[in-house]
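Notes to accompany the following structure.
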Amino acid sequence: MNIEERLQALAAEAEEALKERFSAIDATSFYHTDRVLKAFKEARVSEAMFAGSTGYGYDDVGRAAIDKIYAELFGKESAFVRSHLVSGTHTLTVGLFGVLRPGDTMLTVTGKPYDTLDEVIGLRQAPDTGTLMDFGVYYKQLELKDGRIDLAAVKGALDASFGFTSDGEIYDEGKHGGGEKIKMVYSQRSKGYLNRRTLSVKELDEVYELVQDYAAAHQLPEDRIPYVFVDNCYGEFVEKSEPKADILAGSLIKNPGGGMADCGGYIAGSERAVEKCGYRLTSPGIGTESGATVTANKGILRGLFYAPHTVAQARKTALFAAYIFEALGFDVEPSWQTDRSDIIQAVILRDPALLIAFCRGIQWASPVDSYVTPEPWAMPGYNDPVIMAAGAFVSGSSIELSADGPLKDPYTAYFQGGLTYESGKIGILSAAREVLKARTEK
Ligand SMILES: *Cc1c(COP(=O)(O)O)cnc(C)c1O
C-alpha cells in the first residue's frame, strides 16, 4: 500500500473503533449546550448587550451578564471575563498577584507549572521585572507521585506551614503563626509541555476538599485559609463539571472562547478571591466595575454558545490522532482508550525532523496561512526553541487546530483543537502524511 491508501484505510478503521467514544463526547456537548442556553436565558441575553461600552465602561450590561453566566456555568460564586486579559499567562498572573502578598508561600501540588510561569514566579530570574519573588513571595513545589497528586505531601506541607504536629489542634496565631505562610495551593489541570497525565476534575477536587477540611479541623482564621488555584487551560467543557477552586483561570482563545472570542481570559471562583483578583486586573478601589468592552461582548457570548460543541470537535480530533499515530507505531499520550480531562494530545516523535514534519502537515491543512512552512524559533517565555503550526482565524488560538512542541528530547508534538472534526481529521491525516514521508526519507 502507498502512504495515501494506508492512511485512508487507517482513518476508516479509527472511526469504527472510536464510534462509542464519539457518541459519549456528543452527549457531553449536549449536556453543556443545554446548560449554556439556560444560563443565557437566566441572564436575559439580548442584542443590546452586544453594543458594549466605551471609556470607563461603567454599567456595561453585557459585561455583567457574561460574568454572571461564567460564574453559573463554572459553579462558582463569582467570575470576571475580560478581553483585557491578553493571554492565559496574563490571566494566571492576575490570579497569582491578586491574592499573594509579601511573605506568602505559593505551593504547587502538580509539579512545575506551565513554562511561561517561570518568569512570573521568578524561577527564571530576570532581575527586577516584578516577579512574585521580587515582591517577596516564596515558592514551593510538590511533585506528582506516580502521576497523581500526593495528598499526604500536601497535608504535610500544610502542617509544616501552620506548625501543627497533630490533627484537630486549634489554630493559635501566637503558637502556630511563625512558619512559612502557605497562602495558595496551586494545581494545573492540563499537562502543558510535560509528559504527564492530565488531572481529572475529581482528583483536583480532592485537593480543594483537603484544604477546606484542614481549615475547618484547625479552625483557621479566614485570612489564613489558603486559596485553592486551578489553572484550567484546555479543560473547560471536557467533563461535566469544572474543578472546585477559589481561583479558576483560563484563556478565551482556548476552550471557552469556542473559536469565536477574539481574545481574553476569565477568572471564576470564590467571592473573596475573585474580588481581590479584580483589583489586580484594574486597580484597587476599581476592580471589575470598570473596563470598556468596546466590541468584545458579542464574540465572547457567541463563543461561549459554541464552546461545548467546539470542544467536542477538538476532543474527537484528538482521539482520531491518538488512534492514527499509535497505529503508525508512535507513543501517544494519552492513548485513544484513555478517558481525558483536556483537549491536548501528545505524539512522541523522538526525532526533530519528524516533529517539524508533523507541524508542517498541520499547517498545510489549515484554513488560514496554509502556504506557510513553520520553523522553530526562540519564543519569549519558553526555554527551548519551539515549533508551532497555527493557521487560525484568531492569531495563536489553540482551540483551532494547532500544534507545537519544544525542540528537545523526546521531540513531542502537543497538538490540540479543531473547530470542526472534519477539518481536524484532514489536518491529522496531513500531519501523518508528512511524518511518514519524512520517516521514509531517513
Ligand atoms: C496555554 C496554557 C497556559 C498559558 O496560556 P497562554 O495563552 O499561552 O499564555 C497556561 N497553562 C496551561 C496549562 C496552558 O495550556
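The values are calculated or read from the model by the stated rules, or taken from the named source; none is laboratory data. For clarity, every value in this text was computed on a predicted model and none was experimentally measured. Every residue, glycine as well, gets a Cβ built from its backbone with ideal geometry; the counts of neighbours run over all protein chains shown. To get the accessible areas, we keep the full protein, side chains included, count just its heavy atoms, and leave off ligands, DNA and RNA. Shrake-Rupley method; radii C 1.70, N 1.55, O 1.52, S 1.80 Å.
Structure above, values below:
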{"quantity": "Relative pair counts by distance (%), Cα atoms of the stretch 28-105, 10 Å bins", "calculated": "16, 37, 34, 11, 3"}
{"quantity": "For the stretch 87-230, projected area of the alpha-carbon convex hull averaged over all directions, nm²", "calculated": "8.7"}
{"quantity": "R0 of 30 Å, Cβ-Cβ distance VAL294-ARG35: FRET efficiency to nearest 0.05", "calculated": "0.60"}
{"quantity": "Heavy-atom accessible area order for VAL211, VAL86, largest first, 1.4 Å probe", "calculated": "VAL86, VAL211"}
{"quantity": "Entries of LYS68/LYS298; LYS254/LYS316; LYS112/LYS140; LYS202/LYS240; LYS76/LYS155; LYS19/LYS254 with Cα pairs more than 18 Å apart", "calculated": "LYS76/LYS155; LYS19/LYS254"}
{"quantity": "Kyte-Doolittle mean at least 0.0 and Cα axial length at least 24 Å: DSSP H helices in the chain", "calculated": "296-327"}
{"quantity": "Within the chain: Cβ-based charge dipole about Cα centre, in debye rounded to nearest 20 (Lys, Arg +1; Asp, Glu -1)", "calculated": "540"}
{"quantity": "The stretch 1-127, dipole about Cα centre (Lys/Arg Cβ +1, Asp/Glu Cβ -1), debye to the nearest 20", "calculated": "520"}
{"quantity": "Cα gyration tensor shape for the stretch 211-311, rounded if a/c is under 1.5, else prolate or oblate", "calculated": "oblate"}
{"quantity": "Rounded accessible area per residue of the stretch 58-115, 1.4 Å, Å²", "calculated": "32"}
{"quantity": "Which of VAL81, ILE253, GLY391, positive extreme of dipole for the chain (C-beta unit charges)", "calculated": "GLY391"}
{"quantity": "FRET efficiency, 1/(1 + (r/R0)^6) with R0 35 Å, evaluated for LYS145 and ARG101 via beta carbons", "calculated": "0.70"}
{"quantity": "Residue-span extension gain [SER370 to GLU422] - 0.36 nm each, minus C-alpha spacing", "calculated": "17.1 nm"}
{"quantity": "Which of TYR421, TYR58 is most accessible, then next, and so on - probe 1.4 Å", "calculated": "TYR58, TYR421"}
{"quantity": "Nearest-0.05 FRET efficiency for LYS240 and GLN8, computed from C-beta distance (R0 30 Å)", "calculated": "0.25"}
{"quantity": "Computed Kirkwood radius, in angstrom, where 1/r is averaged over Cα pairs of the chain", "calculated": "22.6"}
{"quantity": "Selection from PHE305, ILE121, THR440, by position along the positive dipole direction of the chain (Cβ)", "calculated": "THR440"}
{"quantity": "Point-to-point label distance, ASP331-THR129, nm (Cα→Cβ direction, 7 Å offset)", "calculated": "3.1"}
{"quantity": "Amide N of the stretch 179-198 lying under 18 Å from the label point, which is placed 7 angstrom from the Cα of ASP339 along Cα→Cβ", "calculated": "189-191, 197-198"}
{"quantity": "Accessible-area order (highest first, 1.4 angstrom probe) of the listed residues GLU333, GLU242", "calculated": "GLU333, GLU242"}
{"quantity": "In Å², nearest 10: area of LYS425 left accessible to a 1.4 Å probe", "calculated": "50"}
{"quantity": "Cβ-placed point charges (K, R +1; D, E -1), dipole of the stretch 291-403 about Cα centre in debye, nearest 20", "calculated": "460"}
{"quantity": "Solvent exposure of the stretch 155-221 as accessible area per residue, Å², 1.4 Å probe", "calculated": "41"}
